[in-house]
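J.: One structure, as C-alpha cells, below. Some questions next.
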Amino acid sequence: MPQHVQGVIAPGKNEPVRVETIVIPDPGPGEAVVKVQACGVCHTDLHYKQGAINDDFPFLLGHEAAGIVESVGEGVTDVAPGDFVILNWRAVCGSCRACTRGRPWYCFATHNAQQKMTLLDGTELSPALGIGAFAEKTLVAAGQCTKVDPAVAPEVAGLLGCGVMAGIGAALNTGNVGRGDTVAVIGCGGVGDAAVVGSRLAGAAKVIAVDIDDRKLEKAREMGATHTVNSRSHDPVEAVRELTGGFGADVVIEAVGLPETYRQAFYARDLAGTVVLVGVPSPDMKLELPLLDVFGRGGSLKSSWYGDCLPSRDFPMLVDLHQQGRIDLGAFVTETIGLGDVEKAFARMHEGDVLRSVVVL
C-alpha cells in the first residue's frame, strides 16, 4: 500500500520551501523504500530551489542522506530490509562503455527509481538528484543504497552521500594527491573543507586554503589546512606561489564553480600541475583562457563528478576511517534541525554561518 509521509518541497523558482504530505508508492522491480534518519542541507538543494538545475518543479528536496531500508522490490538482492545505508545519486549501470572499461565512476547510464513520488493531489515530484530525502521516507533505485557499518551515526554517514564525498574524492580520486604534494583549495565550504581533509589523508605536505571569509579559513585550518589566504585582501595566485617557492601548487582544487576562481586555480598551479573543478557552475557561465597558456603550462584540467567515487568502494572505506579516528566526519556537522527548519538553514548557508545543517528525523 502507498504510504503518506512528510517531506520538504520546493514549489516554484525561489519560492520558500514547505512541508507537505508525500505519497510513497510500494517499491517496484529494482527499487527500495528507505526510512530516512538524517539528511544534510547541501548547496545543490538551494540550486534546485533557485531553478539553477532545471525547472521541473515541484522538487522533493534532499539527497545527502542515510537511513534504513524498509522494503525492496522484485529482483533486489544487494540490500534487504533492515540494512543501514547511505544514499548515493550515481547508481552505476554496470553495462555502459565506462562501466565495461572498468571506470564505473564515469557511468553514462546511472539510474533512479522508475515510479514517481507525488503530492496528495497526484502532482508528480522531481526528487533532488533522484533521491528526495528531506522526507520521512523516500523511494530510490536499489543501486542508490550503499550498505555501511550501522554503528556510525546517521547524521555523519549521510554527509558522504554528496558534499563530503565530492571533496575528499576530488583530492584522492580525481586530483591523485600524493605524499609530499602541495595542494591549494579555493572555496572553503563543506566541499572545500572535505578536499582539505582528503589532501591531508593522502599525505600532502602543504595544504593552502583560499576563501574570502576569515571564519571559513579558520574552520579550514581546523580541518587540516597548513596555510590560509584571504583572497579578498590578497591576490590568491601570488600568495599560493609565494607559499610554494614561486612554483605554484601541484594540485589546485576549485570548490566554488565560478569562472574567476577557476582562472585563479589555473594560474595558481605549478607547471604540469593539476586543476580539479569540483564546484558546480551554473548553465550560463563561460570561461575564457588564452589557448597558448593552456598549451604552455601542460598538466591536467579535470572535472570531478561526485569525487569520481564508487560508492560501494568509497563509502565503507571512509566510514571505517572515521571510526578509526583518522578522519572526523562529525566536524562537518554544524547543527541538527527538523524538516520545518530547512528554509532557515538555506539562509544560514547563504550567510556562511554553517558548514552543514543536518535534518534529523
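The values are calculated or read from the model by the stated rules, or taken from the named source; none is laboratory data. This is a predicted model, so every value here is computed, not measured. Note: ideal-geometry Cβ built from the backbone for every residue, glycine included; neighbour counts use all protein chains shown. What goes into the accessible areas is simple: the full protein's heavy atoms, side chains included, and nothing from ligands, DNA or RNA. Shrake-Rupley method; radii C 1.70, N 1.55, O 1.52, S 1.80 Å.
J.: Taking square-rooted eigenvalues a ≥ b ≥ c of the alpha carbon gyration tensor, is the range 90-152 rounded, prolate or oblate, where a/c under 1.5 means rounded and, failing that, a/b exceeding b/c means prolate?
T.: Details: a/c = 3.45, a/b = 1.52, b/c = 2.27.
Taking the square roots of the gyration eigenvalues as a ≥ b ≥ c, the range 90-152 is oblate.
J.: With point charges of +1 on the Cβ of Lys and Arg and -1 on the Cβ of Asp and Glu, referenced to the Cα centre of the chain, which listed residue (GLN37, VAL148, VAL196) lies farthest in the positive direction of the dipole?
T.: The listed residue farthest towards the positive side: VAL196.
J.: If you don't mind, another one. Is the range 90-229 best put as rounded, prolate or oblate by its Cα gyration tensor, with a ≥ b ≥ c the root eigenvalues, rounded for a/c under 1.5, and otherwise prolate when a/b is larger than b/c, oblate when not? Present the calculation step by step, with values, prior to reporting the outcome.
T.: Values: a/c = 2.50, a/b = 1.64, b/c = 1.53.
The shape class here is prolate.
J.: For a quick check of your reading of the filter: which chymotrypsin sites (Phe, Trp or Tyr not before Pro) in the range 97-192 sit in a DSSP loop and have no more than 12 other Cβ atoms within 10 Å? List each step's numbers first, then the result.
T.: Details: sites: TRP105, TYR106, PHE108, PHE134; in loops: PHE108, PHE134.
Within the range 97-192, the qualifying chymotrypsin sites (Phe, Trp or Tyr not before Pro) (loop, at most 12 other Cβ atoms within 10 Å) are PHE108.
J.: Follow-up question, since we're still on this one. I'd like the GluC sites (Glu not before Pro) in the range 253-361 restricted to DSSP loop residues with at most 16 other Cβ atoms within 10 Å, sorted by number. Display every interim value, and only then the final one.
T.: Values: sites: GLU254, GLU260, GLU288, GLU335, GLU343, GLU351; in loops: GLU288.
Those satisfying the criteria are GLU288.
J.: Work out the charge dipole of the range 212-361 with +1 on the Cβ of Lys and Arg and -1 on the Cβ of Asp and Glu about the Cα centre, then indicate which of THR261, ALA239, GLN323 is farthest towards its positive end.
T.: So the residue furthest toward the plus end is GLN323.
J.: Tell me, what are the semi-axes, in whole angstrom and largest first, of the equivalent ellipsoid of the range 159-259 as set by the roots of 5 times the Cα gyration tensor eigenvalues? Please list the in-between numbers first.
T.: Details: eigenvalues 69, 50, 26 Å².
Taking √(5λ) for each eigenvalue gives 19, 16, 11 Å, largest first.
J.: On to the next question. Per the Kirkwood treatment, what hydrodynamic radius in Å, one decimal, follows for the chain from the mean inverse distance over all distinct Cα pairs?
T.: Values: mean 1/r = 0.0485 Å⁻¹.
Roughly 20.6 Å, rounded to one decimal.
J.: A further question on this structure: In whole percent, and with a 1.4 Å probe on the protein chains, what portion of the accessible area of the range 153-224 is carbon and sulfur? Mind dumping the intermediate values first?
T.: Working: 940 of 2060 Å².
C and S fraction of accessible area: 46 percent.
J.: For the chain, report the accessible area per residue in Å² (1.4 Å probe, heavy atoms, rounded to an integer).
T.: Numbers: 15160 Å² over 361 residues.
I get 42 Å² per residue for this part.
J.: A further question follows. Test of understanding: in a Gaussian network model of the chain with alpha carbons linked when under 10 Å, which of ALA239, ALA255, ALA166 would top the mean-square fluctuation ranking?
T.: Result: ALA239 has the largest fluctuation of those listed.
J.: Given a 1.4 Å probe and every protein chain left where it sits, what share in percent of the accessible area of the range 26-112 is carbon and sulfur? The partial results should precede the final answer.
T.: Numbers: 1690 of 3570 Å².
C and S atoms contribute 47 percent here.
J.: Then there's this: Calculate one ³J(HN,Hα) per residue across the range 16-33 by plugging θ = phi - 60° into the Karplus curve 6.51 cos²θ - 1.76 cosθ + 1.60, and present them in order as whole Hz with x for glycine and proline.
T.: x, 6, 8, 8, 10, 7, 10, 9, 9, x, 4, x, x, x, x, 10, 9, 9
J.: Which residue, GLY169, GLY340, HIS350, has the largest displacement toward the positive end of the dipole of the chain when charges sit on each Cβ (Lys, Arg +1; Asp, Glu -1)?
T.: GLY169
J.: What is the range 19-165 by shape, rounded, prolate or oblate, if you read a ≥ b ≥ c off the alpha carbon gyration tensor as root eigenvalues and call it rounded for a/c under 1.5, prolate for a/b larger than b/c, and oblate otherwise? Don't skip to the end; give the middle numbers.
T.: Details: a/c = 1.25, a/b = 1.17, b/c = 1.07.
Rounded shape, in that the Cα axes give a/c under 1.5.
J.: Across every pair of different alpha-carbon atoms, what Kirkwood hydrodynamic radius in Å does the range 57-102 reach? Each step should come with its number before you reach the end.
T.: Details: mean 1/r = 0.0758 Å⁻¹.
By the Kirkwood definition, the hydrodynamic radius is 13.2 Å.
J.: Another question about this same structure. Which GluC sites (Glu not before Pro) in the range 1-86 sit in a loop by DSSP (not H, G, I, E or B) and have at most 14 other Cβ atoms within 10 Å of their own Cβ?
T.: Values: sites: GLU20, GLU31, GLU64, GLU70, GLU74; in loops: GLU74.
Within the range 1-86, the qualifying GluC sites (Glu not before Pro) (loop, at most 14 other Cβ atoms within 10 Å) are GLU74.
J.: In whole Å, how far is the Cα centre of the range 278-336 from that of the range 185-209?
T.: When both Cα centres are located, 10 Å separates them.
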